[in-house]
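Structure first, then comments.
Just so it is clear, none of the values below were taken in a lab; they were calculated from the coordinates. Please read all numbers here as calculations on a predicted model, not as lab measurements. Cβ atoms come from the backbone with ideal geometry, glycine included; neighbour counts cover every protein chain shown.
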Amino acid sequence: MEIINRKARYEYEFLQTIEAGIQLMGTEVKSVRNGDVNIGDAWCLFHDGELYIKNLHIGEYKHASVSQHTPMRMRKLLLHKEELKKLERRVTEKGLTLVPYKIYFAESGFAKCEIAVARGKKSYDKRESIKQRDVQRDLDRRG
């Protein structure tokens, strides 16, 4: 199961995508497997040289007993130190941002988050995206 932030492609121009692991609790893993996730308002931030994802809503697991997770807690993204340093430099110097785009389970069984180094689109870029989408939709209907 993949959870995709569709609004991100419309709002941002993706320059590079990176696959990162997510540090989750047991009940969070089960909720993600059930698809009880909202990634639409999520964003990434650096804190003490580590990368975190904030505002990622993972709903409570209904069959859990006492040990339940907090749905809106900050979750750590797992990357190598060199990758973190490169990303932090790139984001601070060039005014880019990190956008969580997709959450999925890899073949290894671990939860992964695809984050994108992105630049915000201007309003005319967004109109161009809408125009291209409409043209593609018309072509698909005809053929």
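Summed over qualifying helices (DSSP H, 4 residues or more, each -39500 (n - 2.57)) and divided by its residue number, the chain shows a 222 nm mean residue ellipticity of -10500 deg cm²/dmol. Here is the list for segment 8-64: trypsin sites (Lys or Arg not before Pro) lying in DSSP coil, each with at most 16 other C-beta atoms within 10 angstrom of its C-beta, are Lys62.
Taken about its Cα centre, the chain carries a charge dipole of roughly 420 debye when the Cβ of each Lys and Arg holds +1 and the Cβ of each Asp and Glu holds -1.
Inter-part distance, segment 98-140 to segment 18-58, computed on C-alpha centroids, equals 18 Å. Between His63 and Glu83, the C-beta separation translates, for a Förster distance of 30 Å, into a calculated FRET efficiency of about 0.25. Taking a sphere under 13 Å around the Cβ of Trp43 and counting the other residues whose Cβ falls inside, with K and R at +1 and D and E at -1, yields a net charge of +1.
Sparse packing (at most 16 other Cβ atoms within 10 Å of the Cβ) combined with a DSSP loop state is found for the following GluC sites (Glu not before Pro) in segment 1-70: Glu2, Glu60. Within the straight-line cut-off of under 20 Å between alpha carbons, the lysines reachable from Lys30 are Lys54, Lys62, Lys76, Lys102, Lys112, sequence neighbours fewer than 8 places apart in one chain being disregarded. State whether segment 83-136 is rounded, prolate or oblate according to the following rule on the C-alpha gyration tensor (a ≥ b ≥ c being the square roots of its eigenvalues): a/c under 1.5 gives rounded; otherwise a/b larger than b/c gives prolate, and the remaining case gives oblate. Oblate.
Normalised by residue count, the chain yields a Cα convex hull volume of 139 Å³ per residue.
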